[in-house]
Amino acid sequence: MGTNEWHVERRSTSDTDSPLAPRRDVLETGTLSIVVLGASGDLAKKKTFPALFHLYKQDLLPSDEVHIFGYARSKISTDELRNKLQSYLIPKKDASPKDLHDVSDFLQLVKYISGGYDSEEGFRLLDIEISEHEYLKNSKEGSSRRLFYLALPPSVYPSVCKMIKTYCMNKSDLGGWTRVVVEKPFGRDLESAEELSNQIGELFEEPQIYRIDHYLGKELVQNMLVLRFANRFFLPLWNRDNIDNVQIVFREDFGTEGRGGYFDQYGIIRDIIQNHLLQVLCLIAMEKPVSLKPEHIRDEKVKVLQSVLPIRDDEVVLGQYEGYKDDPTVPDESNTPTFATAILRIHNERWEGVPFIMKAGKALNSRKAEIRVQFKDVPGDIFRSKTQGRNEFVIRLQPSEAIYMKFTVKQPGLEMSAVQSELDLSYGQRYQGITIPEAYERLILDTIRGDQQHFVRRDELKASWEIFTPLLHKIDRGELKPIPYKPGSRGPAEADELLEKAGYVQTHGYIWIPPTL
């Protein structure tokens with residue numbers, strides 16, 4: 001794309017294009033300054049900067065318009081930051097001469113400023129550096145864009161946002177904008193999340209705040225709206241008359257691996273279920289929005305969350321893998337769950353009586369994230385196919401992205417016997433040669449474009465915490481205890497018993513195997 005194509009008339013955030021329509025250009029008038037706060041930390045090095053690099057490689061961040069500023073407390077130089085980032089952008093062993101050239105060119109866009117997160121001096125210097133870049137690019141005052149990505153712990157969000165508001169905003173509104181991206185966790189419970197929202201909300205308007213949940217940037221999660229609302233055969237099936245239960249599963253085959261102290265402050269529910277898996281539930285359960293405008297989609301997600309009934313204690317199983325407390329950073333008396341299964345029930349016309357089984361755990365026997373929609377038994381089944389298992393629609397989020405339908409067919413041969421097979425869309429086979437973008441790439445691009453569809457709105461955040469806060473407080477008080485389970489297992493046996501009680505029928509003898517190329 002030529003640089004002359006980047007300058008188009010600016011439109012307001014409210015008329016952002018449909019995500020399925022051709023997208024407007026990333027940049028409009030003026031320059032774009034991207035500031036990564038916490039630039040020397042793990043999140044910035046492993047996710048934020050690589051995402052920016054991949055956008056740069058696709059000509060979505062043109063070098064004559066964009067400059068990237070790293071800001072952190074570390075006393076390092078710009079060259080030292082660039083050297084640290086290099087190995088995260090592309091492994092040297094896999095790098096071609098062109099890759100190395102791209103990395104070198106990208107790093108020339110990066111400049112580092114050292115300063116405290118509540119330092120007037122540091123943020124004044126940051127503003128001077130941004131303004132100098134804007135001046136050198138002949139950007140009219142106030143017409144430039146400033147994107148601040150907070151790759152930081154939430155405890156410093158209020159002070160950082162106050163510094164940005166005081167010292168680093170555009171001087172006037174002449175077509176530019178200032179936007180702030182904040183990472184989870186957004187608080188520990190309803191009260192702390194509301195306090196954080198109030199502190200940030202006093203400084204920025206809601207359209208300026210982008211609460212990032214990287215699960216909303218995953219390819220298969222983004223496919224949910226298309227699958228549900230662009231395919232006729234799903235429309236009459238997607239309700240309590242046909243669906244028996246829905247599972248949303250996140251499994252890791254490793255433990256906390258040196259992050260025990262950090263993880264112990266939150267636990268598996270705060271870390272995975274209350275945000276990532278609950279966002280997936282919204283997309284599965286929501287009604288069709290009026291349009292694909294971000295606010296219409298987010299309105300429907302909020303309605304789902306407000307329809308969730310209080311979680312019952314007898315529909316929760318907590319676990320903690322044996323050896324978790326061997327980590328010296330984890331307290332000996334820790335009650336933090338590393339595994340949880342909880343059943344959520346939605347009180348509305350579409351989903352009354354359908355259990356949504358949320359399941360997440362560490363140190364289990366496999367690594368995967370998937371959605372599993374299980375349909376009811378066939379009425380008047382003349383083939384006695386219950387023994388084969390039920391129809392299931394499975395969306396595999398990671399790894400080996402795929403969508404497949406488990407269904408019953410005749411076993412090839414002379415006998416009339418039924419077996420389970422699948423209709424399979426495996427992305428690696430169907431979309432050969434296409435690289436699936438990382439979630440952070442999509443979401444940073446959406447932030448630049450002003451598209452908030454895949455970000456968490458304040459009332460959505462509040463509703464999600466209202467669901468889980470009572471349960472979390474019981475765990476924090478020690479009223480609910482995690483059950484020990486062996487690393488490499490399926491988790492506590494009680495979790496499988498809860499699934500069976502909820503009506504989930506496990507298929508025996510069938511294993512999905514990703515097709516080979």
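The values are calculated or read from the model by the stated rules, or taken from the named source; none is laboratory data. This one's a predicted model, so the numbers in the text were calculated from it and none came from an experiment. Virtual Cβ from ideal backbone geometry, glycine too; neighbours counted across all protein chains shown. Remember, those area values only see protein heavy atoms, side chains included, never the ligands or the DNA or RNA. Shrake-Rupley method; radii C 1.70, N 1.55, O 1.52, S 1.80 Å.
A DSSP coil position with no more than 15 other Cβ atoms inside 10 Å describes the following GluC sites (Glu not before Pro) in segment 326-414: Glu333, Glu349, Glu352.
Provide Glu300, Glu132, Glu202, Glu219 ordered by accessible surface of protein heavy atoms (probe 1.4 Å), highest first. Working shown, then result.
Details: Glu300 20, Glu132 90, Glu202 155, Glu219 55 Å².
Order by accessible area, largest first: Glu202, Glu132, Glu219, Glu300.
For segment 43-192, the alpha carbon convex hull comes to 134 Å³ per residue, rounded to a whole number.
Note on segment 141-224: Cα-only Rg and Dmax are 14.2, 41 Å.
Note down the net charge around Lys301, summing +1 for each Lys or Arg and -1 for each Asp or Glu among other residues with Cβ under 11 Å from its Cβ.
Numbers: positive: Arg298, Lys303, Arg457; negative: Glu287, Glu295, Asp299, Glu300, Asp459, Glu460.
Once all neighbours under 11 Å are counted, the net charge is -3.
Here is the list for segment 405-441: GluC sites (Glu not before Pro) lying in DSSP coil, each with at most 15 other C-beta atoms within 10 angstrom of its C-beta, are Glu415. In this structure, the amide hydrogen of Thr178, modeled 1.01 Å from its nitrogen in the peptide plane, lies closer than 5 angstrom to those of Arg146, counting only residues at least 5 positions away or on a different chain. Residue farthest toward the positive end of the dipole of segment 193-275, with Cβ of Lys/Arg at +1 and Asp/Glu at -1: which of His214, Gly260, Trp238? It is Trp238. Size of segment 362-505 from its Cα atoms: along the principal axes, largest to smallest, the extents are 59, 48, 33 Å.
In summary, the aspartates and glutamates within cross-link reach of Lys293, defined as a Cα separation below 14 angstrom excluding same-chain residues under 8 places away, comprise Asp15, Asp17, Asp446, Asp451. Centre-to-centre separation between the Cα atoms of segment 280-359 and those of segment 69-93: 37 Å. When the alpha carbon gyration tensor of segment 460-517 is reduced to an equivalent ellipsoid, its three semi-axes come out at 31, 19, 14 angstrom, largest first. Counting only DSSP beta bridges whose two residues both lie in the chain, roughly 55 percent are antiparallel.
Cα centroid separation, segment 244-271 to segment 126-184: 34 Å.
To the nearest ten degrees, helix 190-201 and the longest principal axis of the Cα atoms of the chain are 30 degrees apart. Close amide H pairs (under 5 Å, H built 1.01 Å from N) link Tyr266 with no residue at least 5 positions away or on another chain.
Using a Förster radius of 51 Å, what is the FRET efficiency between Asp313 and Arg384 based on their Cβ-Cβ separation? Nearest 0.05, please.
Values: r = 38 Å, r/R0 = 0.74.
Efficiency for this residue pair is about 0.85.
Once the Cβ-Cβ distance between Leu235 and Asp476 is put in as r, and R0 is 35 Å, what FRET efficiency do you end up with, to the nearest 0.05? The formula returns an efficiency of 0.25 here. Evaluating kT/(6 pi eta Rh) at 37 °C and 0.692 mPa s, with the Kirkwood radius of segment 227-358 over Cα pairs in the Stokes-Einstein relation, gives 196 µm² s⁻¹. Derived scalar couplings between HN and Hα for segment 128-145 equal 4, 5, 5, 4, 5, 4, 5, 5, 5, 8, 6, 7, 5, 4, x, 8, 7, 10 Hz in order, rounded to whole Hz, by the Karplus curve 6.51 cos²θ - 1.76 cosθ + 1.60 (θ = phi - 60°), x for Gly and Pro. Placing dummy labels 7 Å off each Cα toward the beta-carbon, the span from Gln265 to Leu136 is 3.6 nm. Along segment 113-119, what does the Karplus equation 6.51 cos²θ - 1.76 cosθ + 1.60 (θ = phi - 60°) give for ³J(HN,Hα), rounded to whole Hz, x for Gly and Pro? Per residue, the Karplus-derived 3J(HN,Hα) values read 10, 9, x, x, 7, 10, 9 Hz. Note that segment 482-495 has calculated 3J(HN,Hα) couplings of x, 8, x, 9, 7, x, x, 9, 7, x, x, 4, 4, 5 Hz, one per residue in order, obtained from phi through the Karplus relation 6.51 cos²θ - 1.76 cosθ + 1.60 (θ = phi - 60°); glycine and proline are x. Remark: the His296-Ser366 segment gains 21.5 nm on full extension, using 0.36 nm per residue and subtracting the alpha carbon distance.
Taking Cα atoms only, the orientation of helix 439-449 departs from the longest principal axis of the chain by about 50 degrees. Each Lys or Arg adds one and each Asp or Glu subtracts one; over the other residues with Cβ under 14 Å from the Cβ of Asp118, this totals +2. In segment 82-118, whose amide N lies under 15 Å from the spot 7 Å out along Cα-to-Cβ of Lys75? List them in ranges. So the set is 114-116.
Angle between the Cα long axis of helix 294-306 and the longest principal axis of the chain, 0 to 90 degrees, nearest 10? Helix 294-306 and the main axis of the chain meet at about 50 degrees.
Would you rank Tyr135, Tyr149 by solvent-accessible area, highest first, keeping every protein chain in place and using a 1.4 Å probe? Spell out each step's value before the answer.
On the way: Tyr135 175, Tyr149 5 Å².
Solvent-accessible surface, decreasing: Tyr135, Tyr149.
Dividing the radius of gyration of the alpha carbons in segment 420-517 by their Kirkwood radius gives 1.08 for Rg/Rh.
Please report the carbon-and-sulfur percent of the accessible area for the chain; probe 1.4 Å, protein heavy atoms only, DNA, RNA and ligands left out. Kindly include the intermediate steps, with their values, before the conclusion.
On the way: 11930 of 23540 Å².
Here it works out to 51 percent.
Extension gain for the segment Val409 to Glu257, taken as residue separation times 0.36 nm less the Cα-Cα distance, is 50.3 nm to one decimal.
Taking 22 Å as R0, compute the FRET efficiency from the Cβ-Cβ separation of Ser421 and Val505 and round it to 0.05.
On the way: r = 17 Å, r/R0 = 0.78.
Working from the Cβ atoms, E equals 0.80.
In this label model, Asp99 and Asp332 are separated by 4.8 nm, measuring between points 7 Å along each Cα→Cβ vector. Packing here is the average count of other Cβ atoms within 10 Å per residue, and on that basis the peptides 314-323, 232-241, highest first, run 314-323, 232-241.
Give me the dipole magnitude in Debye, nearest 20, for the chain about the Cα centre, with unit charges on the beta carbon: positive for Lys and Arg, negative for Asp and Glu.
Details: 68 positive and 77 negative charges, 170 e Å.
Dipole magnitude for the chain comes out near 820 debye.
Shown here: segment 237-305, whose C-alpha atoms stretch 46, 30, 16 Å along the first, second and third principal axes, sorted largest to smallest. Shape analysis of the chain yields a ratio of the Cα radius of gyration to the Kirkwood radius, Rg/Rh, of 0.98.
Surface calculation, 1.4 Å probe, protein heavy atoms: Ile475 sits at approximately 10 Å² accessible.
Across segment 404-452, Cα-Cα distances exceeding 19 Å account for 59% of all pairs.
Size descriptors for segment 444-483, from the alpha-carbon set: Rg then Dmax equal 16.2, 46 Å. When restricted to Cα atoms, segment 118-176 yields an Rg and a Dmax of 12.2, 37 Å, respectively.
In Å, what Kirkwood hydrodynamic radius results for segment 336-405 from the alpha-carbon pair distances? Before the final figure, lay out the partial values.
Numbers: mean 1/r = 0.0677 Å⁻¹.
The Cα-based Kirkwood calculation yields 14.8 Å.
Derived value for segment 195-276: Kirkwood hydrodynamic radius 16.9 Å. Basis is the mean of 1/r over every pair of different alpha-carbon atoms.
Sparsely packed loop sites in segment 375-479 (the trypsin sites (Lys or Arg not before Pro) outside DSSP H, G, I, E and B with at most 12 other Cβ atoms within 10 Å) comprise Arg384, Arg477. Taken over the Cα atoms of segment 86-129, the convex hull encloses 66 Å³ per residue.
Per-residue extension of 0.36 nm, minus the Cα-Cα distance of Asp42 and Gln108, leaves a gain of 21.7 nm for this segment.
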